[in-house]
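The block underneath contains the structure these notes are about, expressed in structure tokens.
Throughout, read-outs are computed from the coordinates displayed, never taken from laboratory work. Given the structure is predicted, the values throughout are model-derived calculations rather than measurements. We place every Cβ from the backbone using ideal geometry, glycine too, and count neighbours over all the protein chains shown.
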């Protein structure tokens, strides 16, 4: 029999139960213990050592710095504990065509001039015969090519070194372990056990408790489903339904395998297009993460495993592990008193390292719309609307990589070129092709820099540029472009090597 809990007389949530550990579960527990713990809200996380975690998302985007700041983490300690490295962007190899590569950098390109975005001056320069690639105008891309890294120096206001934007590459299992220790030290209760049944309220679509296989009962007011793809609460119990985006994102499997580190870790993630998908390479301090995201319509699991093993830098440290997924999202990420988190909420392939960010943004959204015991539908509907919109924005950005390709060498890439773009992507492509304009919807994750990097990198051409650019004469435009390139190059050479920065061997800079 399930024990009766004392109802909080003011109608406030008194206890949160997180179902599942891994990155999603422990990120949620950590954030809630920091923000809600001081208000007296109890947090209990239920997980089973018998159930493995996916843990393929080892690369992040700069927004994780905000999460670390919320928890007040010591960054050096965090990087050491997770065997982490720093990340200035993603290099895309063979995506546009075989032999072509470009970097999607963090931060920005150049500087706005005359109130106009920098890319318009770069576009005019290209039309004037200046063939310098867009990468040369990003301090992140230039430093990444040189294998250098430095945290931003805000005091150097006239230098690109003040505007360095970065993220991390780390071991996801070590990250979950680190957050577990952090959370338990701040009062989060971890319960080991496998959930056997879920008890629902007899009249409302609310979860009352979960029962473990040994008979123990864990009750709560608000339940977070971080149980992974299976969605134990949100799908198996409450039947949310799933929006399948396979028609836009054809990859449905991944094979992952770590290998020995054979060189100094580079400060960026690499994505290399393969016959039926793409291969990731994520350099960590103790090893290198690798995996092949592919479509099972075009290649078998055995062929995919052979491909990734054939392209490893060093000795494989484990057997290849195949993961199956369907790109898309739960139709109702929040139902009643259950909010799905991480893979339980949906999945978008890690092409742009958004997996961990989607957990982070869901946590922030839930804290903003945090419910009372009445679980008002208006708040639930708004949470679901914002969550689905975020998935749609990221989906459009991912589709761009597949749609905008010149490759004709395999059936997979031929089919990708002919993908019908979602409406939002079609609108962005039309605006950029006309005069180099980039439309960014409000609250959209990816910035103008991101859209510019991938559109240009994938070969999308703009027919013109903003007319204000012509207020500068041609010589002045070319001179300013050359100055930006020179400043970036000089600034990058002042930065320490990435491996030296990790080891704390960087020397003081002489910027002026």
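Remarks
- With the helix formula -39500 (n - 2.57) applied to DSSP H stretches of n ≥ 4, the chain reaches a computed 222 nm mean residue ellipticity of -10000 deg cm²/dmol.
- Principal semi-axes in Å for the range 158-208 [√(5λ), Cα gyration tensor, largest first]: 41, 18, 12
- Inter-label distance for residue 489 and residue 213, nm, one decimal - labels placed 7 Å from Cα along Cα-to-Cβ: 6.3
- Spin-label model distance (nm) - residue 461 vs residue 229, 7 Å beyond Cα toward Cβ: 4.2
- Calculated P(r) tail over 20 Å for the range 397-474, as whole % of Cα pairs: 37
- Of the peptides 238-245, 17-24, the ranking by mean beta-carbon count within 10 Å, highest at the top, reads 17-24, 238-245.
- Order by protection proxy (mean Cβ within 10 Å, highest first), peptides 218-230, 338-350: 338-350, 218-230
- Projected over all directions and averaged, the alpha-carbon convex hull of the chain occupies 25.1 nm².
- Distance from the range 91-156 to the range 394-453 (C-alpha centre basis), Å: 18
- Degrees separating the helix 474-494 axis from the principal Cα axis of the chain, which is the longest one: 60
- Approximate spin-label separation residue 128-residue 155, in nm, with each point projected 7 Å along Cα-to-Cβ: 3.7
- Stretchable slack from residue 323 to residue 378, in nm (0.36 nm times residue separation minus alpha-carbon distance): 16.2 nm
- Normalised by 2.2 N^0.38 Å, where N counts its residues, the alpha-carbon radius of gyration of the range 240-388 equals 1.25.
- A straight chain from residue 431 to residue 244 at 0.36 nm per residue would run longer than the Cα-Cα distance by 64.5 nm.
- Once the Cβ-Cβ distance of residue 77 and residue 410 is raised to the sixth power relative to R0 = 51 Å, the FRET efficiency obtained is 0.65.
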